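The values are calculated or read from the model by the stated rules, or taken from the named source; none is laboratory data. This structure is a prediction, so every number in the text was calculated from the model and none was measured. Please note: Cβ atoms are built from the backbone with ideal geometry, for glycine as well, and neighbour counts cover all protein chains shown.
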Amino acid sequence: MIDVMVIGAGSAGLVTAKQLAASGKSVALVENDTIGGTCVSYGCVPKKLWHRVSALGGQMDAANDYGWSVSESSFDWEAMQQAIRGYVQKLNARHYQKCMDAGVTVIRGQASFVSPTTICINDTHYTAGHIVVCVGSTAKKEPIPGVDYCDTSYDFFSWSKQPKSVAIWGGGYIAVELASILQACGSRVHIICRQSQVLGGFDADLRAFIMDRYREKGIHIHTNSTIDRVDRIDEDTHRVVMGSQSIRVNRVIQAIGRRPNTDALLCESAGIMRDANGAIIVNDQYATSQPTVSALGDCIGGLQLTPVAIAQARDWFHRVWCKGNFPVDFSMVPTAVFSHPEIGTVGLTEDAAREQYADVSTKTLTFTPLTAVLSAQPEPVFIKVIMSGSDLRVRGLHIVADSASEIIQSLAVAIQKGITKADLDKTMALHPSIMEELVTIY
Ligand SMILES: Cc1cc2nc3c(=O)[nH]c(=O)nc-3n(C[C@H](O)[C@H](O)[C@H](O)COP(=O)(O)OP(=O)(O)OC[C@H]3O[C@@H](n4cnc5c(N)ncnc54)[C@H](O)[C@@H]3O)c2cc1C
């Protein structure tokens, strides 16, 4: 009998399988797609490469304002798509090899539960002492008329041709990231968003600022709108109907949220409870309603991010198998939105801080950084600090700037340690830089 069976070779499953194998357990890892999961194959990795590819277009335009003469440029979408897919395939192979080196048995196929200790893969039953479900999540699709003409973020990463125009339904981070990539590569982009602002859950001032920036760059944002229907005009043209309004585009993407990949698991056969969105219900030790089954990562709901899935896998292994502690602070998760411009954020929004603390103060700065002053279209910076209490402890930091993700990752350490405004004041400024403004706020 196998000691532990791990279902899903993504961010959570790979870490889980390798650390169990390193501790001497016999481990089988089941995967019905690529080794690496969403992050490597259809998420963070190809998305970040596309972010870089698309940023270069704007940088070439800006170079003309700085004495360079950048002649007419052209862009080969298909070549980039192939290059990125090629890199992803190398990563898939590398992850597979690491499993082999660690002594993990990889089984290809779709797993479903037969009982709390037995799963079925390709008509064969496997029994294990413990089963860990790490099946991730997948893009939801609203079943509107014409749903079959709609793609998701998953399909985007295999488009061989750049569409001239795209409608993206959704206002979350995946929607605005894809919108920015496409717009910067030269497509005409519409965002259709149910709310009055994009990026629900982010700080309200940041949301207002970033909407202006997206619109300034030419993205059409239709707020308080929803798609009723998508009609096919010909293979390459679709009509998107939103109430009394309609637009013609080449492609339509639904980016309206994600659903845990748990339907095919047949959880009911094993008495494993799920919530209304299909997320597996777990306790604070990641145990499901069956003591022999644990679940980690996107499939348990909550914050759906790669570092969170990996940290949960480490947390579970240390606490459940080693009876130790894995000291990570799940309440302070830095996140980025890789749009143009880039967003970095950590800690509470102003609204969330006001719900938790009586004495909240904020400082918001918007300015043109020195490096952008000669540009015909200077990209402004946004910095907002949320503080509370008489010691002005920093509760949240929200930035829109070049490399905002890198800035926030570094500052997350200090903010997690509980720095105050006095600590910012005490820190010497580095001049000239964007972030010197943070330590010279008066
Ligand atoms: C477009 C996009 C961009 C993203 N960008 C970022 C980002 O910038 N930063 C960030 O932190 N996160 C990002 N994410 C989120 C991140 O990818 C996920 O949070 C992370 O991959 C979750 O890891 P996981 O192990 O829970 O699931 P996954 O990585 O999805 O792995 C689950 C695996 O299980 C397999 N599987 C499912 N069902 C079965 C079954 N029945 N039998 C066998 N195998 C099965 C799947 O094929 C998959 O390989 C992005 C996601 C998307 C879609």
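One residue stands out among those in segment 262-280 that are part of a loop (DSSP other than H, G, I, E, B) and under 18 Å from ALA313 (Cβ atoms): the one that is farthest from the chain's Cα centre (by Cα), which is THR262.
If you check SER196, SER225, SER137, which single one turns out to be among the hydroxyl-bearing types (Ser, Thr, Tyr), more than 25 Å from GLN82 (Cβ to Cβ) and within 11 Å of the ligand (Cβ to nearest atom)?
Working: SER196 fails: within 11 Å of the ligand (Cβ to nearest atom); SER225 fails: within 11 Å of the ligand (Cβ to nearest atom).
Step by step, each of SER196, SER225, SER137 is checked, and only SER137 is among the hydroxyl-bearing types (Ser, Thr, Tyr), more than 25 Å from GLN82 (Cβ to Cβ) and within 11 Å of the ligand (Cβ to nearest atom).
Evaluate the following for ALA276: is it free of Cβ contacts under 8 Å to residues at least 40 places away in the same chain, of a type in the set (A, V, I, L, M) and more than 9 Å from the ligand (Cβ to nearest atom)?
Values: free of Cβ contacts under 8 Å to residues at least 40 places away in the same chain: yes; of a type in the set (A, V, I, L, M): yes; more than 9 Å from the ligand (Cβ to nearest atom): yes.
For ALA276, the condition - free of Cβ contacts under 8 Å to residues at least 40 places away in the same chain, of a type in the set (A, V, I, L, M) and more than 9 Å from the ligand (Cβ to nearest atom) - is met.
For segment 57-78, filtered to residues that are at pLDDT below 95 and of a type in the set (A, V, I, L, M, F, W, C), the residue that is farthest from the ligand (Cβ to nearest atom) is TRP68. Pairs under 7 Å by beta carbon, first residue outside the structural domain of GLN162 (by TED's automatic domain parsing) in segment 75-95, partner among the hydrophobic types (A, V, I, L, M, F, W, C) and modelled with pLDDT under 95, six or more apart or different chains? That search, which allows pairs on different chains as well, returns nothing. The lone criterion from (1) within 30 Å of GLY218 (Cα to Cα); (2) at pLDDT 95 or above left unmet by LYS417 is number (1). Restricting segment 328-346 to residues that are in contact with a helix residue (DSSP H, G or I) (Cβ under 6 Å, 6 or more places away or on another chain) and part of a strand (DSSP E or B), the residue that is farthest from the ligand (Cβ to nearest atom) is VAL346.
Look at segment 390-418: where a residue is without any contact (Cβ under 8 Å) to a residue 40 or more places away in the chain and a partner is of a type in the set (Val, Ile, Thr), sitting 6+ places away or on another chain with Cβ atoms under 6 Å, you get ASP391/THR420; LEU392/THR420; ARG393/THR420. Number of residues in segment 199-233 that are more than 22 Å from TRP77 (Cβ to Cβ), touching a Ser or Thr at 6+ places or on another chain (Cβ under 8 Å), part of a loop (DSSP other than H, G, I, E, B) and of a type in the set (Val, Ile, Thr) equals 1. Taking (1) under 26 Å from ALA179 (Cβ atoms); (2) surrounded by fewer than 20 Cβ atoms within 10 Å (Cβ to Cβ); (3) more than 16 Å from the chain's Cα centre (by Cα); (4) not acidic (Asp, Glu) in turn, GLY324 satisfies each apart from (1).
Please verify whether ASP329 is in contact with a strand residue (DSSP E or B) (Cβ under 7 Å, 6 or more places away or on another chain) and either charged (D, E, K, R) or under 30 Å from GLY129 (Cα atoms) (or both), treating the condition exactly as stated.
Judged against the criteria, ASP329 is not a match.
Contact map, segment 294-311: residues that are in the same structural domain as ASP284 (by TED's automatic domain parsing) paired with residues that are near the ligand (Cβ under 6 Å from one of its atoms) and among the acidic types (Asp, Glu), Cβ distance under 8 Å, separation 6+ or inter-chain. Pairs shown: GLN304/ASP298; ALA309/ASP298. Among the residues of segment 417-434, those identified as crowded, with 16+ Cβ neighbours inside 10 Å and in a helix (DSSP H, G or I) are LYS421, ASP423, LEU424.
Give me the residue from segment 79-103 that is among the aliphatic types (A, V, I, L, M) and within 14 Å of the ligand (Cβ to nearest atom) and, out of that set, farthest from ALA264 (Cα to Cα). Give the steps one after another, and end with the answer.
In the first step, residues of segment 79-103 are kept if they are among the aliphatic types (A, V, I, L, M); the result is 79-80, 83-84, 88, 91, 93, 100, 102.
Restricting the remaining residues to those that are within 14 Å of the ligand (Cβ to nearest atom) gives 84, 88, 91.
Working: ILE84: 30, VAL88: 26, LEU91: 26 Å.
Across segment 79-103, the extreme among qualifying residues is ILE84.
All of (1) crowded, with 20+ Cβ neighbours inside 10 Å; (2) within 15 Å of the ligand (Cβ to nearest atom) hold for MET211 with one exception: (2).
Applying the criterion of being in a loop (DSSP other than H, G, I, E, B) and over 19 Å from the mean Cα position of the chain (by Cα) to the residues of segment 7-50, the residue that is farthest from the ligand (Cβ to nearest atom) is GLY24. Residues of segment 133-167 that are in contact with a Gly (Cβ under 7 Å, 6 or more places away or on another chain) and small (Gly, Ala, Ser): GLY136 alone.
Among the residues of segment 288-312, those identified as crowded, with 24+ Cβ neighbours inside 10 Å and within 8 Å of the ligand (Cβ to nearest atom) are LEU296, GLY297, ASP298, CYS299, ALA309. Within segment 21-52, the residues that satisfy the criterion of being surrounded by 24 or more Cβ atoms within 10 Å (Cβ to Cβ) and closer than 14 Å to ASP101 by Cα are VAL27, LEU29.
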